[in-house]
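Input: a single structure, listed below in structure tokens.
The values are calculated or read from the model by the stated rules, or taken from the named source; none is laboratory data. The model shown is predicted, which means the values in this text are computed figures rather than measured ones. Every residue, glycine as well, gets a Cβ built from its backbone with ideal geometry; the counts of neighbours run over all protein chains shown.
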Amino acid sequence: MIEARSNTRRGLLAVVPDTVPDDSPRVSFCSHCGIRPAFADISSRVCDSCGMGLILQSHADVAPAAGDPFLVLDGSLSVCAVSAAAENLLATCETDAVNRHVTELLVAADAEAQGAANLAVAVTWAARGDGGARRVVVRPTNTFGVRLKTRIASCGPPTAALVVFD
Amino acid sequence: MRYLKTSEAAALLNVSPNTLRAWERRFGFPKPQRSPGKHRLFTHGEVAALRDALQEGLSISSAVSRAREGLAADSNSLVGALVSYEGERADGAIEAALALRSVERSVEEVLLPTLDEIYRRYGGDSAAWAFAAHWGANWLRRAQRLAPPPVRPVSIVIGDASRDELDTDAPHIRALELFCVRAGMKVLSLSARGVSGIGDAVAIHQPNIVVLAGGHLADDTVARWAYAVRLAAGAMPVAVYRRGDQRVRMRTTGTSMLPSGASDAQRRLLELIDAEQDAARIAVASARAHRDASSGGGQRASM
């Protein structure tokens, strides 16, 4: 049996560690105001501070601080949440932006970027739950000459991509 | 239909009543009705749909969107039933809508949009529209028959200027009749073609306001009918509902334009009638005061 396995020379499926170390602690934040709740109230996902967002979790090094502009996108690149600061930054309203494709709000500043520097790839990876943060430069779709640095990482639940404007 | 007070709905969603009111302002959902005492009444179905959506959502907006999509499924199933010419399935679809909403909202959010969609998709000369319009008219009449008897001392006469059952305005006029009846008003709906004997009908019904509804009949026909009504009942307010592009002309005659939505139109009608009754009360009170003053003055003069 052992000989037969060695003869096939095929790799066996195995759980392998993530290529990016995942030792950063997870923190909770509100999807609207970005405030981090003092203690996690498991009975309600609604933010106690503003009442306008749901409590999400992400790694501490990528999670937004209170008042930071950020978006939450799903795997199909649809907008799921727009923070209050991002509403001001992008001159939009969450109720209008939700369910629209991200390219109606943001496009990659470098349209030919490949791999992790590509907006769509970075969002897709993050929305899939891949660890680590990726940095992508974007611009608002309807504005030229403006560059915005973002960090993109996974958040949830449910698993989605968090795009925080630096 | 189960209704929840603000505190009950907030408890079900595990938020404060203030948060729930803030959601209503920002997202327009859940959308409450008002009790006779003007308190918010939330339908249990909407609140439950939102509660489930919040568990899976990434933001309140996306949860609201998901809850709305779930509720919109009723409209899709009604369209499917009507274009398949299945009356019983259509009855079932509207019953499902009624489990989550009030009659008024089921009509405004499911039945009327469904009929509009079928008209838009298949055209006014299609068999699908004929079936849907007939089913809708029957359902609205049946709902009207099941409404409680009038409780307000308010009566309206509707002059129906729509072509027939296949006119796109017809379901909206039936919906206005239904909402007025359910609001406790006495409603008499007559075709605006029938002028002969209108005096008897008006004398028996004693309307507070006349509504001209529908855009098919020509101005002359409608004006003749309205003139006959006024001749029989005297001057009274006239309101116009879904009468097409006559907004400009009506504005100059003092006629009130009602909003195109049936529930908004019904609320506006009540406001007009209340204003008219208030004006009448003030006129009576001032006449009485004037009479008392003059009789008091006469007594003083005689003394």
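Residue count for region A:69-113 under the criterion of being of a type in the set (A, V, I, L, M, F, W, C), buried (at least 21 other Cβ atoms within 10 Å of the Cβ) and closer than 18 Å to A:G156 by Cβ: the result is 10. Can you find a residue in region B:7-19 that is in a helix (DSSP H, G or I), within 9 Å of chain A (Cβ to nearest Cβ) and farther than 25 Å from B:D74 by Cβ? Looking for residues that are in a helix (DSSP H, G or I), within 9 Å of chain A (Cβ to nearest Cβ) and farther than 25 Å from B:D74 by Cβ, one finds at least one in region B:7-19, hence yes.
Filter region A:60-78 for residues that are of a type in the set (D, E) and away from chain B (no Cβ under 14 Å); which is nearest to A:R139 (Cα to Cα)? So the residue we want is A:D68. The condition (being in contact with a Cys (Cβ under 8 Å, 6 or more places away or on another chain) and either without any contact (Cβ under 8 Å) to a residue 40 or more places away in the chain or within 14 Å of chain B (Cβ to nearest Cβ) (or both)) is satisfied by just one residue among A:A160, A:A127: A:A160. In summary, B:L178 fulfils each of the numbered conditions (1) modelled with pLDDT under 90; (2) part of a helix (DSSP H, G or I) with the single exception of condition (1). Scanning region B:77-129 for residues that are touching a residue at least 60 places away in the same chain (Cβ under 8 Å) and over 21 Å from the mean Cα position of the chain (by Cα) yields a total of 0.
Reported count of residues in region B:31-67, each being small (G, A, S), assigned to a loop (DSSP other than H, G, I, E, B) and away from every other protein chain (no Cβ under 14 Å), is 2. With respect to the conditions (1) within 24 Å of B:P259 (Cβ to Cβ); (2) of a type outside the set (G, A, S); (3) in a loop (DSSP other than H, G, I, E, B), B:Y119 falls short on a single one, namely (3). Candidates are the residues of region B:79-93 that are at pLDDT 90 or above and surrounded by 22 or more Cβ atoms within 10 Å (Cβ to Cβ); the one that is farthest from the other protein chains (Cβ to nearest Cβ) is B:A90.
Determine if region A:23-37 includes at least one residue that is crowded, with 16+ Cβ neighbours inside 10 Å, in contact with an Asp or Glu (Cβ under 6 Å, 6 or more places away or on another chain) and either at pLDDT 90 or above or more than 14 Å from chain B (Cβ to nearest Cβ) (or both). Scanning region A:23-37 turns up at least one residue that is crowded, with 16+ Cβ neighbours inside 10 Å, in contact with an Asp or Glu (Cβ under 6 Å, 6 or more places away or on another chain) and either at pLDDT 90 or above or more than 14 Å from chain B (Cβ to nearest Cβ) (or both).
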